[in-house]
Amino acid sequence: MKKYTILDRKDTRSGFGAGLLEVAQKNDQVVALCADLTSSLKMDAFQKRFPHRFFQVGIAEANMMGIAAGMAISGKIPYTGTFANFSTGRVYDQIRQSIAYSHANVKICASHAGLTLGEDGATHQILEDIGMMKMLPHMTVINPCDYNQTKAATIAIADYQGAVYLRFGRPVMPVFTPPDQVFEIGKALLLNEGTDVSIFATGHLVWEAIKAGEILAEQGISAEIINIHTIKPLDTEAILQSVQKTRLVVTAEEHQLNGGLGDSIAQLLAQNLPTRMAMVAVQDRFGESGKPEELMQKYGLTAANIVEKVLTIRKSKS
C-alpha cells in the first residue's frame, strides 16, 4: 500500500482562487463574474489584480449565467463564481438553455458543495448538483480532491473549449497531490494498485478512500484506489481495466446516492462488465447544520464506512 504524505491543509476553494489568478496572468481572455461572494470564493486576488476583468453582478445568479454566456459568444472565457447550490439549483434553466444547449464556453465554478459546507445547513448543502450537471449534454463535470488538484483543474479548463462545471468546497482538507501536477480532463488517476477491490472516489472522499485502503491493507486486503476527478466524461477505460482485475467495486462521494459517481460507474458496468458493487454516498436525505467532520460521520462518508462496504461485499461474494 503506497503511503501518502499530507503536504499541507487547505480548503479547495483557495485552490480555485489561486488557479484563477494564475490562469488570468497567462490568458487575457479570462474574465471572472461573482454573485456577491468574492471573498468566500477566494476571487478577491483576481479582483485586485484585474479589476477591469472582474464583474460583480450581485445576488443575481441567473443574470450572471446569461452575462457569462454572452461574454463567451464574444470570445471571452468567463469563470462564474458562487456557492454550488446557487450555481446549479437556482439557475438550472439558464445553464441548460444559454450555456449547455448553446455550446457556450463558460466555466461554472461552484464552491461550498456537499455536506462539508457545515453550519450553513440543508438549504445551502446541495447534494444533487453532480447529477443535475452531468445530465446536461455538452457539460463537463469536474470534482477535484484537494487544493493542488483544484488549482490545476482551474488552470486546465481555460484551454478546454466547452462548458465546465467545477465543484469544490469550503473546509480545510489534507493536501496530498503534487503542486506541479498537470490536470488532464477525463483521465482518472491511479493512486494505489490493488487486486481485491476497486475503490473509485471523487472530491473530499478521495482522502477517505486512501485512509480506507491503509486500514484494509492491515487486514490483508489489497485495494486499488482510483481518483475520479472528472465525472463526465468518465474514464471508462481505466475503470473497466481495474474492475476486470478485481471484480469488486466500492464508490465513494459527497453527493446523493442517486445521480452521482456511483450511478455513472454502475451504468458503465451494467453495460460492459456486471460486477458486485456498493456505494458510499448520502442515502436520499437532505443535509443539516453541523461541523463538517461530524456530518461526514453521521451521513456515512468516512474511511470507516468505505471499509465496511468493502468487507460486506467481499463477504457476500464468497
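Please treat every number below as a calculation from the coordinates, not as lab data. In this text, all values refer to a predicted model and were calculated from it rather than measured experimentally. Neighbour counts are summed over all protein chains in view; Cβ atoms, including those assigned to glycine, are modelled from backbone coordinates with ideal geometry.
Tally Lys/Arg at +1 and Asp/Glu at -1 over every other residue whose Cβ is under 15 Å from the Cβ of A163; what's the total? Local charge sum for A163: +3.
Expressed per residue, the C-alpha convex hull volume of segment 9-175 stands at 94 Å³. In the chain, the longest principal axis of the Cα atoms and the axis of helix 147-156 are about 50 degrees apart. Expressed to the nearest 5 percent, the antiparallel share of DSSP beta bridges inside the chain is 20 percent. Dividing the mean sequence gap of close Cα pairs (under 8 Å, 6+ apart) by how many residues the chain holds gives a relative contact order of 19 percent. Would any residue of segment 259-285 have its amide N under 15 Å from a label point 7 Å out along Cα→Cβ of I215? List them or say none. Label zone hits: 279-281. Subtracting the Cα-Cα distance of Y160 and S40 from their residue separation scaled by 0.36 nm leaves 40.7 nm. For segment 178-243, the relative contact order works out to 46 percent when only alpha carbon pairs closer than 8 Å and six or more residues apart are counted. In segment 190-318, the DSSP beta bridges split such that about 10 percent are antiparallel, to the nearest 5.
Centre-to-centre separation between the Cα atoms of segment 37-64 and those of segment 258-303: 33 Å. Projecting the Cα atoms of I265, A113, I73 onto the charge dipole of the chain, computed from C-beta unit charges around the Cα centre, puts I73 farthest toward the positive end. Extension gain for E184 to S74 (0.36 nm times residue separation, less C-alpha to C-alpha distance): 37.0 nm. List the lysines whose Cα sits under 20 Å from the Cα of K151, skipping any in the same chain fewer than 8 residues away. Answer for K151, where 20 Å is the Cα cut-off: K10, K26, K42, K48, K107, K187, K232, listed by chain and number.
Starting from the Cα of T195, move 7 Å in the Cα-to-Cβ direction to define the label point; list residues of segment 1-40 whose amide nitrogen is under 15 Å from there. Counting only backbone N, you get 1.
Between I6 and Q297, the C-beta separation translates, for a Förster distance of 30 Å, into a calculated FRET efficiency of about 0.90.
With the simple spin-label model, which puts each label point 7 Å out from Cα in the Cβ direction, the E308 to E237 separation comes to 3.8 nm. For a distance above 24 Å, tell me the whole-number percent of Cα pairs in segment 189-317 that qualify. The proportion of pairs with Cα distances above 24 Å equals 20 percent. Under the convention that each Lys and Arg Cβ holds +1 and each Asp and Glu Cβ holds -1, the size of the dipole of segment 189-317 around its Cα centre is about 420 debye. Starting from the Cα of A60, move 7 Å in the Cα-to-Cβ direction to define the label point; list residues of segment 94-125 whose amide nitrogen is under 18 Å from there. What the label zone holds, given the 18 Å backbone N cut-off, is 94-95, 98. Peptide packing for 245-256, 216-227 was compared via the average number of neighbouring C-beta atoms within 10 Å per residue; ordered from the highest value, the list is 245-256, 216-227. Here, the chain has an Rg and a Dmax of 18.8, 63 Å when only alpha carbons are counted.
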